[in-house]
Amino acid sequence: MLELAIGTGRVALPLAAHGVAVEGTDASAAMTERLRAKPGGDSIPVTTGDMTQVPASGRFGLVYLVFNSLFGLLSQERQAQCFAGVARVLDPGGVFVIECFVPDLARFDHDQRVQARSVSEDAAVIEVSRHDRVRQRVDTQMITFDGQGMHLRPVAIRYCWPAELDLMAGQAGLQLAGRYAGWDRSPFTSASGSHVSVYQRA
Ligand SMILES: C[S@@+](CC[C@H](N)C(=O)[O-])C[C@H]1O[C@@H](n2cnc3c(N)ncnc32)[C@H](O)[C@@H]1O
């Protein structure tokens with residue numbers, strides 16, 4: 001298996017501990033260093049690079065990209081490149097599994113959102129977002145006020161609906177083989193807030 005955007009190994013490490021041969025790619029060498037520091041982290045091969053290029057050698061029966069990380073690619077073009085790159089490294093019959101949220105535009109009022117994420121005697125965390133409905137992009141600052149001052153943590157995503165994901169997959173030669181509301185394979189419905197989708201290479 002190959003995990004794109006493997007991060008600190010939250011998913012890959014338990015898989016490896018269960019005997020699954022898993023490797024990963026990530027753009028951030030710092031995240032890979034954190035993976036390496038965890039028990040078992042040395043045993044997982046990780047390539048540093050951009051997931052649109054799928055910088056891994058060899059072929060895989062399963063490639064996965066979870067935790068909405070596809071939406072971290074900030075244009076349709078880059079997301080489509082990712083599907084194409086995955087198709088190139090999949091075995092015939094191999095599958096690409098993604099986990100993404102279903103956009104909920106009711107979160108925004110006039111394309112804005114301000115939310116108190118946490119408030120205590122020592123600190124407050126406020127989330128401030130702007131939504132661009134044409135680019136399907138949300139820019140967020142998580143702003144922390146605490147005894148040390150104010151700290152910013154920016155997050156940007158380019159969301160898409162399941163139908164657009166299916167189209168990008170189709171262009172790459174991947175077909176939807178299953179869609180679930182979660183990892184327990186519960187049925188995906190119009191009320192589902194997220195999905196696990198399985199695309200298969202012909
Ligand atoms: C939210 S973390 C998810 C980590 C892990 N997959 C998990 O589920 O815990 C997102 C990861 O994507 C990586 N990342 C962001 N942009 C990337 C890109 N263009 N190519 C490869 N990795 C990227 C980040 O470095 C980070 O490790």
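Comparing mean-square fluctuations of ALA87, ALA12, ALA37 from a GNM of the chain with C-alpha springs under 10 Å, the top value falls on ALA37.
Lys and Arg at +1, Asp and Glu at -1: add these up for the other residues within a Cβ distance under 13 Å of ALA29 and post the number.
Working: positive: ARG34, ARG36; negative: ASP26, GLU33, ASP50.
Taking every Cβ under 13 Å from that of ALA29, the sum is -1.
Which net charge results for the neighbourhood of ASP91, defined as the other residues with beta-carbon distances under 10 angstrom from its beta-carbon, given Lys and Arg at +1 and Asp and Glu at -1? Write out the running numbers ahead of the final one.
Working: positive: ARG59, ARG201; negative: none.
Its environment carries a net charge of +2.
Around SER129, under 13 Å between beta carbons, what's the net of Lys plus Arg minus Asp minus Glu among the other residues? Net local charge, SER129 excluded: +1.
Under 5 Å between amide hydrogens, built in the peptide plane, is the criterion, and for PHE67 it picks out GLU99 among residues at least 5 positions away or on other chains.
The label point for HIS110 and the one for ASP132, both projected 7 Å from the Cα toward the Cβ, are 2.0 nm apart. If you plug the beta carbon distance of ALA124 and GLU33 into 1/(1 + (r/R0)^6) with R0 = 35 Å, you get a FRET efficiency near 0.65.
Values quoted throughout were computed directly from the atomic coordinates according to the rules given, and no laboratory measurement underlies them. Only a predicted model underlies this, so the values are computations on that prediction, with no experimental measurement involved. Backbone-built Cβ (ideal geometry, glycine too); neighbour counts: all protein chains shown.
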